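Below is one structure, written out as structure tokens, with a few remarks after it.
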Amino acid sequence: MSEFDAATAAVQAALDAGARYADARVMHRRYESMSARNGDIEELSQDESIGLGVRALVGSGWGFHAVPDLSDAAARDAGRRAAAIATASARVPGPPIDLVPSEAAVASWASECAVDPLGVPLSDKGDLLVRATATMREHGADLAEGLYQIWDTTKWFVSSEGHRIDQHIRECGGGISATSIGDGETQRRSYPSYRGQYGTTGWELVTSLDLAAHAARIAEESRELLTAPLCPAGETDLILGGEQLALQIHESVGHAIELDRILGWEAAFAGTSWLDLARLGSLRYGSELMNVTIDPTIPGALGSFGYDDEGSPAVARDAVREGRWVGVLAGRDSAAVAGLDYGGSVRADGWARLPMVRMTNVGLEPGPHTLDEIIAATDDGVLMDINRSWSIDDKRLNFQFGCEVGWEVKNGRRGRMLRNPTYTGIGPVFWRSMDMLSSETVAWGTPNCGKGQPGQVGHTGHPAAPARFRGVRVGVRA
Amino acid sequence: MSAELGIAAGVVDLVRRTAGADAEAEVLVTRTDLALTRFANSFIHQNVSETGVSVHLRLHVDGRTATGSGNRVDADGLAALVERTRAAARLAPPDPAWPGLTAPTPVPSGPAADEATAFASPGERAERVRAFVDAVDGLEAAGYCRTAYRSGAFANSAGHTAAGSAAEAAMDGIARAGGADGVARLCADRLADLDGAALGAHAAAKARAAADPVELPPGHYEVVLEPAAVADLLQNLAWFGFNGKRYAERQSFAEPGTAQFDPAVTLVDDPLHAGTLPFDLEGTPRRALPLVESGTTGAVAYDRRGAAEAGTGSTGHGMPGSATFGPIPHNIRLLADPGVADADATVAAGPVSAGVTGAVGDPDTAALVAGMRRGLLVSDFWYTRVLDPKQLVVTGLTRNGVWLVEDGVPTRAVRDFRFTESYPRALGPGRVLGLGRAPVRQPGRVDGSWYEAPALRLSSWHFTGGASG
């Protein structure tokens, strides 16, 4: 029985059990990760998982059931159980549910991949991490760590409306970090970011990072941070590096424009959003430099795909245009509730999880400046980069971020290194203060976006470049 | 022999036949039935269930180690798992620190899994949601009701086997009153012990009491933390402090044998208290581990590898990823110590009748609030993240209700705060002014993890920002 056959059987069984709509995803995922510490391989893990998840809509109640068995009997049973669960949902009914139209695509799609990451010999991959972590130790790191991760996912999607789509998405990435331990505190420097850089791409991404070439520098910087002066406390001009700005976008824009949050569907856990649909198209989100797109079509970015997990094709849309809020991340049912005409941002973390609204690639379009120009134009400020901690409230307004490293900026020059840099603010106030934005854009990948109950881990992309923000509170401490 | 144990033993035998008698293998097979009924805007909007199985194999052969896992349990699937794990081990670097396998050891049976919970129907979960929604009486309701069942079996090539099962139910919901939320959260061994109506009524009373909040200036405040907020303290202490790997790396605040906490603080990781399998990923029996006894740090958690490096034994905390992230206690209880805690604080009192009605919903919290001259009552914490692991400085926000308490009475609802605080320091000697007597088990984000604590009164908590910045 083929994967499409199993999905088709599950959908048909759900319809036979009373569903007015059903879809099913078979997913096969191979995962590999390797971590190294202080010049030795610490852990090598390989996982392979395959199964089927079926979603049924009975009346206006949803049900979902997942099984690790692709036999005809198991698939049909899963479809029936999904319909039975949907029927139970009607005991606590809500408003009528509709789905915005989605053309019944019959298609195949695959991400670009020059070098199959699972095909690279383990010994080569291990040597890379061993060499980089050994170098960090030689250059003073108390704790030298390296990590790569690979996901190879094939999906087969069938819906009762006629969708029949298969996709093969390969994702990988990696990074290194050096930690130095002093009296009562630790300092860490990472390259290219805390957990590394990731994309829907082959091993060529990891090769291009040239981890070993940066090992000595970050080890030395982690030691230097132990004796660096504390980031001063107060209000100042803040320059963020691109990696940190990517997380700022993720937390204070990406999650805020998720339509399920705006509608209250995540109220008890992930939270809601400060955004009010009545102001879509008119709300001033940020300065006129702020142009944010939702674009799952970017080649190689971590949030890219051909079709989302309810069969909608990847389409680029505006989320914020010249500072004005104009778009959301939506699914077919949430869009119908909101009176919008597009979905396209629904994904599931594996076969056993319900598809839900997730970020794709949510990022800033390039600005007109360079980082050097931004620094040169700043009389008194702090430059921060590489995220160390992140926290934001349940409406996605009040945030506080910590970075690994800061630098004093005085009279247009980057000065001494600062330790424990933090900054805090309120989302729209912060974004309205952005007055310089670089053109040096990188599509940063975030492989650890948590959402949903049961929990799901999403992979998202965030094009971002260095930018300057005026009058930001920095240096918050216990 | 359970089906899971049959699979585990079969994989060990397959390794022996294909990799030779000297190969060391350990196998954990887990079958899961998980279901979660989720509601928002007072209706069920997501309703899911999953049947799953996983086979986790760790193989040490010719001095090299690799780990593999999968969910195919037919003969071809298991053979493929063994083969790819063998291939990975051949290419892995030498592993001179291999700690060896768990020797044959008696494993406790653990609490009996409640069959009615294990295989509860979607209708039974929906009934509790119905009761919660009805009880909020016109407010908006959101949350979940979940049931979980795990049946697991372990076998290794040293001849050790173990088997067990566990069930758990949890309900977590909020009521929403014009932008103010109140929460009720409970984890139990049996679905029958979850009363949706009682939880809904509690959440609704808190939500109504949280209406019309005022903004207070940041600063240091005395606080009473309700059990949901205390659970966050326990979780962060576990991840970053009582984690044997972080301790070995000198990234933990923990100093065993040192009085780092107030004498009122006794923490024990107690997995057999409820809802978990009685052995870990490496087959080590789980048991209660005293982490802090009357304020003195007692122990940190280890898996076999970390324990060998530290020259001690595993504490039964082997888990997927523990080699990288460290072994983490997931079942922590904060025990009241009436002999040490402030006597007034441990006297049960009735619900507070003065001040904001509904802010204090139980006698336990009422007793702590009654002793506070000026401070804040905090229901819950949200999005807590570590700024510095060594001192465990954490930033986060309050959520689901904060009230100003004056002369023992909650007088005003307060807007949410951001805080930046060192958790060990906040619980340090002289800082704990009272512990409640009625612990409440709070569900973790994944089934099998929970944190049980009473309300807690602390002398100071550093709020570093208000809702408006």
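Any read-out appearing in this document is the output of simple, stated calculations on the displayed coordinates, not a laboratory observation. The model shown is predicted, which means the values in this text are computed figures rather than measured ones. Glycine also receives a Cβ, built like all others from the backbone with ideal geometry; neighbour counts cover every protein chain displayed.
Normalised by the residues of chain B, what does the relative contact order come to in percent, with Cα pairs under 8 Å and at least six apart?
Reported relative contact order: 15 percent.
For chain B, which DSSP H helices look membrane-span-like by this rule: Cα extent along the axis of 30 Å or more and mean Kyte-Doolittle of at least 0.5?
none
Which order do A:E322, A:E235, A:E48 fall in if you start with the one that has the fewest other Cβ atoms within 10 Å?
Lowest count first: A:E235, A:E322, A:E48.
Net charge near B:R287, counting Lys/Arg +1 and Asp/Glu -1 over other residues with Cβ under 11 Å of its Cβ?
Neighbourhood net charge equals -2.
Determine the shape class of the range B:237-329: with a ≥ b ≥ c the square roots of the Cα gyration tensor eigenvalues, call it rounded for a/c under 1.5, and otherwise prolate if a/b is greater than b/c, oblate otherwise.
Oblate is the answer for the range B:237-329, as a/c is 1.5 or above yet b/c matches or exceeds a/b.
With a cut-off of 8 Å between alpha carbons and a minimum separation of six or more residues, what is the relative contact order of chain A in percent?
Relative CO of chain A lands at 16 percent.
Which aspartates and glutamates does A:K410 reach when only Cα atoms under 12 Å apart count, and residues fewer than 8 places away in its own chain are ignored?
Once the sequence-local aspartates and glutamates are set aside, what remains near A:K410 is A:D237, A:D379, A:D380.
Which one, A:G196, A:F157, A:G175, is farthest towards the positive end of the dipole of the range A:130-215 when Lys and Arg carry +1 and Asp and Glu -1 on their Cβ?
Most positive-ward Cα: A:F157.
State, as an integer percentage, the relative contact order of the range B:3-208 based on alpha-carbon contacts under 8 Å between residues 6 or more apart.
It comes to 23 percent, rounded to a whole number.
Could you give the length gained by full extension between A:S439 and A:D276, i.e. 0.36 nm per residue of separation minus their alpha carbon distance, to one decimal place?
Going from the current span to full extension adds 55.6 nm.
Using only the alpha-carbon atoms, how far is helix A:122-138 inclined from the longest principal axis of chain A? Give it as 0 to 90 degrees, nearest 10.
Computed tilt is about 30 degrees.
What's the whole-number percent of alpha carbon pairs in the range A:185-253 lying beyond 19 angstrom?
Roughly 53 percent, rounded to a whole number.
Can you give the angle from 0 to 90° between the axis of helix A:211-226 and the longest principal axis of chain A, with both taken from C-alpha atoms, to the nearest 10?
60 degrees
After finding the eigenvalues of the alpha carbon gyration tensor for the range A:234-474, what semi-axes result from the square roots of 5 times each, listed largest first in whole Å?
31, 17, 17
Once you order the gyration tensor axes a ≥ b ≥ c over the Cα atoms, which shape class does the protein assembly as shown get: rounded for a/c under 1.5, otherwise prolate or oblate by comparing a/b with b/c?
Here the protein assembly as shown falls in the rounded category.
How many percent of DSSP beta bridges within chain A run antiparallel, rounded to 5?
Bridges in chain A that DSSP calls antiparallel: roughly 90 percent.
How would you classify chain A from its alpha-carbon gyration tensor, with a ≥ b ≥ c the square roots of the eigenvalues: rounded for a/c under 1.5, else prolate if a/b is greater than b/c, otherwise oblate?
Oblate is the answer for chain A, as a/c is 1.5 or above yet b/c matches or exceeds a/b.
Angle, helix A:3-16 long axis vs. longest principal axis of chain A, Cα atoms, 0 to 90°, nearest 10?
It works out to around 60 degrees.
Could you give each residue of the range A:144-160 its phi-based ³J(HN,Hα) in whole Hz, using Karplus coefficients 6.51, -1.76, 1.60 with θ = phi - 60°, and x for Gly or Pro?
10, 10, x, 8, 10, 9, 9, 10, 10, 10, 10, 10, 10, 10, 9, 10, 6
Note down the net charge around A:A10, summing +1 for each Lys or Arg and -1 for each Asp or Glu among other residues with Cβ under 13 Å from its Cβ.
-2
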